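The values are calculated or read from the model by the stated rules, or taken from the named source; none is laboratory data. Note that the structure is a prediction, hence the values are computed from the model and not measured. Every residue, glycine as well, gets a Cβ built from its backbone with ideal geometry; the counts of neighbours run over all protein chains shown. The area values use the complete protein model at the heavy-atom level, side chains included, leaving out ligands, DNA and RNA. Shrake-Rupley method; radii C 1.70, N 1.55, O 1.52, S 1.80 Å.
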Amino acid sequence: MTKLKVQILKKDSSYPILIERGLLGRLDEIKEFEGYSQIGILSDHNIPDLFLDKVYKSLKKINSKVTKIIITPGETNKNLNTINEIYQKLSDISFDRKSLLVCLGGGVVGDMGGFVASTYMRGIDLVQIPTTLLAHVDSSVGGKTGFDFDNKKNLIGTFYQPKMVIIDLMVLTTLPRREFLQGYAEVLKYALICDKDFWEFLKENNNILINPKHPEFFDKVRQVIYKCCQIKSDIVTRDEEEKGGERKLLNFGHTYGHAIESYSLNTDNPLFHGEAVAIGMLYSARISKEAGLSDLEIDEIKAVIESYELPIEFNFGTNSNLSDINKKLDKLMRNDKKNINGKISWILLKKIGSAKLKQ
Ligand code: ADP
Ligand code: ZN
């Protein structure tokens, strides 16, 4: 079993990330699950029954009180109503301070479950079992929780570290293709901002990594997820709760990416988050020439993004008004939570594997 210990600055908040194929059916072998008054499994209707059954059955072997809490999937349900539903359910089944909440799902389940765990009775134990590649490489580390409010993404939230993160690579085999591939945008992001060797690895192994049927898939993807969690953990540990600037580097591709993502949601061609990040990364690479990035490197970045079957530009349609679109995108970028004093912050690449912040 690949085990990574994530050390966050604050005492008592370090936790292991277990990465292996077939873990979901063997949770009873993991000692961290022992000793709880009861266990709740939060998941959504789209998570294959097979996974939920495995988690339920293996936890049932070590705790007689295990309850499934199933919510409606999707970003549109990532709101206070759903949070309310989860609180109500926990209250109905008399969840107490010694109970454990397990989140089995993608970013939506993980963010909302994390928020509930961080606030219910001032905080109960939480285990995250992310089921999307995006969640594996993005939300396994950092402890961000939250939900959307007033049409603003993740407006309400907390930082709350789980007791453990469990990544069963099997879950990648049932992910819809676009959902799976979008995770690679965040993977490429890590390599671009700080690890040239990792970039070379991703360049060489793209065929295996996008093909879950390839005999070497699980071995390679395990290395990728491990590496991403490690990079993020190193950055986050040095910059907990975003006080310094280093964590901002993780925002590479997200300034333009978030804007184009929001823009696309009101068109017939809505982008997934990772797809928007892929477009945003190439955009940032193009304006990174002033920071030192070469034309050759920009071409290489474009080719690698495309080799992961990710988009490199948004199709605005033929009869669209470009100056109007530019105004909208500019406005969206100026509203970014990460800006300071209204100045847009950009992460630029000095070269592949090295990034810097520019206001
Ligand atoms: P993320 O924010 O990590 O992309 P979401 O929570 O939005 O993830 O999940 C995207 C969709 O994919 C949801 O409908 C979810 O139920 C579904 N899903 C998540 N994991 C899996 C999986 N392993 N297999 C099939 N569908 C999944
Ligand atoms: Zn992202």
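Just a few scattered comments:
- Within the range 109-121, the presence of a residue that is in a loop (DSSP other than H, G, I, E, B) and of a type outside the set (Lys, Arg) is excluded.
- Close Cβ contacts (under 6 Å, 6 or more residues apart or on different chains) running from residues in the range 103-115 that are free of Cβ contacts under 8 Å to residues at least 40 places away in the same chain to residues that are among the basic types (Lys, Arg) and open to solvent by 10 Å² or more (accessible area, probe 1.4 Å) are absent.
- Residue within the range 251-267 that is of a type outside the set (Phe, Trp, Tyr) and on the phi > 0 side of the Ramachandran plot present: yes
- Of the candidates Gly142, Gly183, the single residue that is touching a residue at least 60 places away in the same chain (Cβ under 8 Å), part of a loop (DSSP other than H, G, I, E, B), within 16 Å of ligand 2 (Cβ to nearest atom) and not polar (S, T, N, Q) is Gly142.
- In the range 55-84, the residues that are under 17 Å from Ser37 (Cβ atoms) reach residues that are more than 16 Å from ligand 2 (Cβ to nearest atom) and among the acidic types (Asp, Glu) with C-beta atoms within less than 8 angstrom, at least six apart or across chains, in these pairs: Leu59/Asp28; Lys61/Asp28; Ile62/Asp28; Ile62/Glu34.
- Cβ-Cβ under 9 Å pairs, at least 6 apart or on other chains, the range 24-36 side without any contact (Cβ under 8 Å) to a residue 60 or more places away in the chain and of a type in the set (Lys, Arg), far side part of a helix (DSSP H, G or I) and open to solvent by 40 Å² or more (accessible area, probe 1.4 Å): Arg26/Lys54
- Put simply, of Thr255, Thr267 the only residue that is within 21 Å of Asp330 (Cα to Cα) and away from ligand 2 (no atom under 16 Å from the Cβ) is Thr267.
- Residues of the range 34-82 satisfying the condition of being within 27 Å of Gly146 (Cβ to Cβ) and of a type in the set (Ser, Thr, Tyr): Tyr36, Ser37, Ser43, Tyr56, Thr67, Thr72, Thr76, Thr82
- Residue count, the range 224-245 (criterion: modelled with pLDDT under 80 and either within 28 Å of Tyr308 (Cβ to Cβ) or in a helix (DSSP H, G or I) (or both)): 4
- The range 154-176: number of residues that are within 16 Å of ligand 1 (Cβ to nearest atom) and free of Cβ contacts under 8 Å to residues at least 40 places away in the same chain: 2
- Matching residues, the range 228-250, being at positive phi and surrounded by 23 or more Cβ atoms within 10 Å (Cβ to Cβ): none
- Matching residues in the range 111-123 - criterion: being within 10 Å of ligand 1 (Cβ to nearest atom) and open to solvent by 10 Å² or more (accessible area, probe 1.4 Å): Asp111
- Here Asn46 meets each of (1) within 16 Å of ligand 1 (Cβ to nearest atom); (2) in contact with a strand residue (DSSP E or B) (Cβ under 8 Å, 6 or more places away or on another chain); (3) at pLDDT 95 or above with one exception, condition (2).
- Scan of the range 124-145 for residues that are of a type in the set (Asp, Glu) and more than 9 Å from ligand 1 (Cβ to nearest atom), ordered by number: Asp125
- Checked across the range 26-35, the condition of being farther than 28 Å from Arg222 by Cβ and over 19 Å from the mean Cα position of the chain (by Cα) holds for at least one residue.
- All told, Thr173 meets the bar of being open to solvent by 10 Å² or more (accessible area, probe 1.4 Å), out of contact with any Ser or Thr (no Cβ under 8 Å at 6 or more places or on another chain) and either of a type in the set (Ser, Thr, Tyr) or over 27 Å from Asp299 (Cα atoms) (or both).
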